[in-house]
Structure formats: C-alpha cells, structure tokens
1. Summarise the long-distance tail of P(r) for the range B:103-156 by giving the % of C-alpha pairs beyond 12 Å.
2. Output ³J(HN,Hα) for the range B:100-105: one whole-Hz value per residue in order, computed from phi by the Karplus curve 6.51 cos²θ - 1.76 cosθ + 1.60 with θ = phi - 60°, and x for Gly and Pro.
3. Expressed as a whole number of Å, what is the distance separating the alpha-carbon centroids of the range A:84-121 and the range B:84-101?
4. Roughly speaking, what is the stretch gain from residue A:77 to residue A:151, that is 0.36 nm per residue apart minus the C-alpha to C-alpha distance, in nm to one decimal?
5. Obtain the nm distance between the two label points defined at residue A:86 and residue B:133 by a simple spin-label model: each point lies 7 Å from its Cα along the Cα-to-C-beta direction.
6. Gap in Å between the Cα centre of the range B:14-58 and the Cα centre of the range A:136-184?
7. Along its principal axes, what span do the Cα atoms of chain A show, with the longest given first and each in whole Å?
8. Measure off 7 Å from each Cα along the Cα-to-Cβ vector at residue A:11 and residue A:26, then give the distance between these two points in nanometres to one decimal.
There are 2 protein chains.
Amino acid sequence: MAKYKKRERQELLLEKVSTDPFLTDERLAEMFDVSIQTIRLDRLELNIPELRERIKHVAREETDKIRSLSLQEVIGEIIDLELNHHALSLFIVEEGHVFRKNRIARGHYLFAQANSLCVAVIDEPLALTKSAQIEFIRPAKLGDKVVSKAVVEKMDGRIAVITVESKIEQRLVFKGRFEMYYTGEGEENG
Amino acid sequence: MAKYKKRERQELLLEKVSTDPFLTDERLAEMFDVSIQTIRLDRLELNIPELRERIKHVAREETDKIRSLSLQEVIGEIIDLELNHHALSLFIVEEGHVFRKNRIARGHYLFAQANSLCVAVIDEPLALTKSAQIEFIRPAKLGDKVVSKAVVEKMDGRIAVITVESKIEQRLVFKGRFEMYYTGEGEENG
DNA sequence: ACTGATGTTAGTACCAACTACTAAAAGAGG
DNA sequence: CCTCTTTTAGTAGTTGGTACTAACATCAGT
C-alpha cells in the first residue's frame, strides 16, 4: 500500500501532531513519504501552527497549570469570611479529586476544604489543627459544588473549637468538629 | 545608578530567565541596557540555553509533570501492604505542603496520607471513608519523612475500623481512627 | 601616564525551522 | 486529450539564535 490520499493523510497528521507536538515538518514528511512542501500545505489547510509555536503553546499552557496548582494549596475558594466567627468556601470537584472507577471524591479533599477553612477563619499568625472528629455522610461526585461552612464555637486563648458542615445543593455531605491550636507568635524562621 | 556590574547582572539574569523562560536575548539586552552580545556571553558563562531550548525544556518537563500529578492522587508512597491487615506508607514533606511562614505541614496532607492508606489497605472495589477521629500531636516540618502505619482492627462485611499512626523518626505526630465503608460492587457509571 | 587584564560591543558567516510566494510536474477523472 | 487537483521544487525573507574574530572601553597596579 503506497501513500495515503490527501484526506487520510491530513487526518493522521492532526492525530500525530496532537499526540506529539515536537515533530518537525521534515520528520512528518518522512513519516508520510511526501515532500516537506506537502506537509506545509497540509498544516496551512488544517491551521496547524509550526513546531515552535506548538512547543511554545505547550510550555505556556503548562506554566499556567503550575500556577493553578499552587493555588490549590488552599482547597476551595473562600466566599465569605468573618474572622473568629464564621467562614464559607466553595470547592468544585474536578477530575483530579475523584476515584477513576466511580467518580466519587476522595475523602481527604473534603477534609482539606474543611481544614483550610478552619485555618482561614482564625485571625492569628499561627493556627494548627489539634484534633478532629469527622463524618462523611454522602459521597461527593465529579462536578459537584461543595459549600463548606465553618462556625467558631469557642476560643479560650489557645484552643478554638470549630464545627464545619459541607453541603451539596443543601444536602449535608460532610460534617466535622475541629480543635485548632493557635498563638500570636508567628515564628518566621525554621 | 547606571548599569550593573557583571556579577550582579549575571545573578539577576539567572533569576529573570528562570522566572520567565520566554525572554529573548533582545528583551534581556534592553532590560539590562547592554548589547545583545553581552547577554550571549553571559548565557554562555552561566550555561543558560537559548530561548528555544528553554521553552522546549519547559514543555517537555511539564508534559511529564502531568504524570507525576496523577501519581499525587495517592499521597505518600506505599512501602508495605498486606491487604485487609496493615499497610505502611512514606510521605516526604515538600515545599507545596507547608505554610510559608513557619514551614509546618498543613494538617490535611497528614490526613490525606492516612486516608489514602486506609483506602489502599482494603481489598474491595469500593472503599469510602465514613468517619474519623484524628489527632495532630506534633507538627511535621519541611523535609520530614512521615511514616504512616495503618492497622485494620475489624471488618464486619460493610464497615472496617482502622487505626493509623504516623511517625517522624519514631516520634508520633499524628494518630487517627477511621471507619471505612466498603462493598464488592464497583459501580462503573455515575 | 603606560601596560595588561577584563569586560563590552560590533560584525560576519552560518544554522534550524520555518512563512510566503511562484512555478513546474504529476495524477486522476471525465 | 484536456482539465483540474495535488504534489513537488525552488527562491527570498524571518526569528532567534551559535561560533568566531576583532575592535574598543574600563579599571587596577605600578
């Protein structure tokens, strides 16, 4: 079987280039046993940018992913906050948070949302989780919007007690009782 | 104050290039108010590759990071496992896991290690956390190697009770009691 | 002030991987 | 056979460089 027809070649080209953006026109020409010019024409017709632009695009995209990853250090977005009283955050369950099998969110992400909310609600330089009792009432699934509410029950100068309830569309999915240790000393050096 | 000395400029150059790998020699020359040749000499001395190589490197590196990201779905590396009995995992505290201020690990990472260990130790298609009581005894700091041990206390066909102890160099930093819900039905569709 | 060493700039030839364009050759279909 | 599409060839120009040579500039020490 000799060369492909134009149509086939272009389909395959798209596939090749999207699976491996690092292919030069020269390599591609060899792969399809056509001239470089043909590959160029194909790219032109298919609006496939040149090698360097493809690489640049990948690099840009991925440097963005690092940013959104380090934003993930606080799980969930805080949408309401009154220091030392209460706080509200929203966490949207995405691909990375679920078991592949059943698309149920891993428990520790729900915990992380609650835990970082507790850290945020305390208006002190140092706030660490001391203990917690938690319950997972219902599973959260891919795409669910989990709203978590933390209420500070008491603060005695060292320990704060906070209750957290997380809901999806008004239905309780998680609750917990957190004891947080806090002080005014923000030790800067390790 | 006019131009920088060679030394200073090269330090700044390294910083600039590593924070933004997309800078051409021309842009850099403008920024430091020197000729392009000087920038080239600097790059040569500092072994900084040219723009295209830098971008290629970022693109390559980052396509790899997608892999290591999906590895992150289990926090910690499992180093010993006897299904339905016990499991051991190692979690090394890195930059992304700590508060910047004091380099203490965020609580939910220690929880995540324990939680995913509990999921792993149960030899059933579906295993979800039902509830947990946890205690943070001592803070874990940047660079610490946290060894977590999960022991299955009992399994009654639906609920497993697991105790977890996490230690850094033999010293207890975290303990918890987890109730896990499990079944043989691995529902594939949401 | 003169001498060297170090640092900076200029300029040339060359490269990869292209774009944009023109033009010729090859095939395929009626 | 003629026509229309497809493919190939070839030229000029671009970006962002390398590698190299050579001319200046700056300052340090004597």
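Derivation of every value follows stated rules applied to the coordinates shown; laboratory data play no part. What you are looking at is a predicted structure, and each value in this text was computed from that prediction instead of being measured. All Cβ positions, even for glycine, are placed from backbone atoms using ideal geometry, and neighbour counts span all protein chains on display.
1. Tail fraction, whole percent: 72.
2. Once rounded to whole Hz, the list reads 5, 4, 10, 6, 8, 5.
3. 18
4. 25.0 nm
5. With each label placed 7 Å out from Cα toward Cβ, I get 2.8 nm.
6. 48
7. 80, 41, 24
8. For residue A:11 paired with residue A:26, the spin-label model returns 3.1 nm.
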